[in-house]
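Working notes for the structure below.
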Amino acid sequence: MHEPDEIMPEFYAPLENWTVTQGRDIYFTCTVNNLGKYKVAWIKSDSKAILAIHTNLIAHNHRLTVTHNGHNTWKLHVFNVQKNDTGSYMCQINTQPMILQTGYLDVRIPPNILDEADIEGPGSAAMEGGTIRLRCRSTGKPEPKVHWKRKDNRHIVIRSDGAREKQESATVKGDTLELTNVHRTDMGKYLCIAKNNVPPTVSKEFNVQIHFHPMIKVTNQLVAAPTGSNVHIQCYVETSPKAMHSWAKVDGGDLMPNAKYKMSETPINEYSLQMDLTITSLEPKDFGSYLCIAKNALGKAEGTIRLQELHLPSAPTTSDVPEQEPEKYDEGVPTDSDDENFVLEGGEPTADGDDRSSNDQQRQQEQQKQPSVSTKKPPQTVHGGGSGGGNRGGGGGGVRHHDNKQRHGSVKGSGSGYPPRWLLVLTAVATVTLFRSPAVSRW
């Protein structure tokens, strides 16, 4: 009991309340006025354990300390707070009756996901069409909320009613994920994510495996290439678990990578890849059928590609001999060959090949001086000698042909075989000959 005139201690300010994340440091401050002969003690309310009296630490806890400023303030320090530090703390003065004040420490604990040993259910592998159940248990304060998602951000497919109905969702809530009637497209990495608004959010990865018989797809079953070229063929393979892949030639045995055969594989996703084969410098013996083969513990699959020779059209070749231009005749100018192809009647060939006699030249000059001769006189007045068909004089024909070329009219520009200007001259000469020939007397 205290004396009637004694001044009793009193608290200057209430204790703090703390809400902190596990691992932080905190302290409670107890300020007392008029303490006098009394002492200050720190007590954990839930356990009634005395932690410290004045500046003396009673509890055997290296994370606790007590400080005094030498006047009226005492502090209880808690370092690296843990889950079991949560609770009420009292600053108590040993008066009769005792006086005290209380502060509360709330320790928040980030989420934590338990080890895979705690997973329940069939596990993360199943045959296609089976069931996979994943369990993700977590701890934390407050209690974490758990959801699932795929690591590649594809939707999670939940099938029901014999796989005839399905629901797709980016996330699925709950600590258990059950996949029924699983398909190979369900294969991949799944994330279990736990959070309770206490950083950091944590996640755990589960690798889902779906096993099935190997399957091979061949997009181009027939490939053609010319001899001497390089050809590329490929197969698309789906298999799980992983398979052994190889190439073979029908009736030729397995192929091994070398300078002739270049092989490669390109992964596409968790269960599929592309097999590539390049055959260099094609020879006739390389043509035929090739097999791409995939084999795992569940079976074997093959794909067939037929390689045939492509016959390219041969490139046109140019002759070394230059092409001769076709003969061109000027309708107004006779050629030397034309001079040699006929002889006017009554003339004899000259030594230089000219078939016209001096009398013929004189007749031409006289013809040129006669304006009465028409240039439109039909060419039928000129005939080959000896036929008598167009000349009533019979054997008195005006022109004799010396070769078959002129006889068949091969010279361009006239149906008679002579250039037009020569026909005009021959017509005029023939006309003069008719007037001067003794055969005219028969007309």
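Here are some notes:
- Residue within region 295-302 that is touching a residue at least 12 places away in the same chain (Cβ under 8 Å) and farther than 30 Å from Asn181 by Cα present: no
- The single condition from (1) closer than 19 Å to Lys300 by Cα; (2) surrounded by 12 or more Cβ atoms within 10 Å (Cβ to Cβ); (3) small (Gly, Ala, Ser) that Ala224 fails is (1).
- Residue within region 199-215 that is among the β-branched types (Val, Ile, Thr), surrounded by 19 or more Cβ atoms within 10 Å (Cβ to Cβ) and over 33 Å from the mean Cα position of the chain (by Cα) present: no
- Just one of the listed residues (Ile43, Ile50, Ile7) is more than 60 Å from the chain's Cα centre (by Cα), of a type in the set (Val, Ile, Thr) and not in a strand (DSSP E or B), namely Ile7.
- Tally of residues being open to solvent by 70 Å² or more (accessible area, probe 1.4 Å) and aliphatic (A, V, I, L, M) across region 25-52: 1
- Residue within region 60-75 that is β-branched (Val, Ile, Thr) and under 30 Å from Pro111 (Cα atoms) present: yes
- Residue within region 9-24 that is open to solvent by less than 70 Å² (accessible area, probe 1.4 Å), of a type in the set (S, T, N, Q) and farther than 17 Å from Asp106 by Cβ present: no
- The set of residues in region 240-250 being outside any strand (DSSP E or B) and surrounded by fewer than 15 Cβ atoms within 10 Å (Cβ to Cβ) consists of Pro241, Lys242, Val250.
- One residue stands out in region 127-138 among those that are over 31 Å from the mean Cα position of the chain (by Cα) and in a loop (DSSP other than H, G, I, E, B): the one that is surrounded by the most Cβ atoms within 10 Å (Cβ to Cβ), namely Cys136.
- Members of region 53-104 found to be under 60 Å from the mean Cα position of the chain (by Cα) and either hydroxyl-bearing (Ser, Thr, Tyr) or under 15 Å from Cys30 (Cα atoms) (or both), listed by number: Thr86
- Residue count for region 185-207 satisfying the condition of being part of a strand (DSSP E or B) and either on the phi < 0 side of the Ramachandran plot or without any contact (Cβ under 8 Å) to a residue 60 or more places away in the chain (or both): 13.
- Taking region 229-239 as the range and being under 14 Å from Pro214 (Cα atoms) and either more than 21 Å from the chain's Cα centre (by Cα) or open to solvent by 40 Å² or more (accessible area, probe 1.4 Å) (or both) as the test, the residues that pass are Tyr236, Thr239.
- Qualifying positions in region 251-290 - touching a residue at least 24 places away in the same chain (Cβ under 8 Å), farther than 27 Å from Tyr190 by Cα, open to solvent by 60 Å² or more (accessible area, probe 1.4 Å) and not polar (S, T, N, Q): Asp251, Glu283, Pro284
- The residues of region 54-79 that are open to solvent by 70 Å² or more (accessible area, probe 1.4 Å) and either in contact (Cβ under 8 Å) with a residue 40 or more places away in the chain or not in a loop (DSSP other than H, G, I, E, B) (or both), listed by number, are Asn56, Leu57, Phe79.
- Scope region 64-94; condition among the hydrophobic types (A, V, I, L, M, F, W, C) and farther than 19 Å from Val32 by Cβ; matching residues: Leu64, Val78, Phe79, Val81
The values are calculated or read from the model by the stated rules, or taken from the named source; none is laboratory data. Keep in mind it's a predicted model, so treat the numbers as computed, not measured. Quick reminder, even Gly has a Cβ in these numbers, built from the backbone with ideal geometry, and neighbours come from all protein chains shown. Each accessible area value is taken on the protein alone, full model and side chains, heavy atoms only, with ligands, DNA and RNA left out. Shrake-Rupley method; radii C 1.70, N 1.55, O 1.52, S 1.80 Å.
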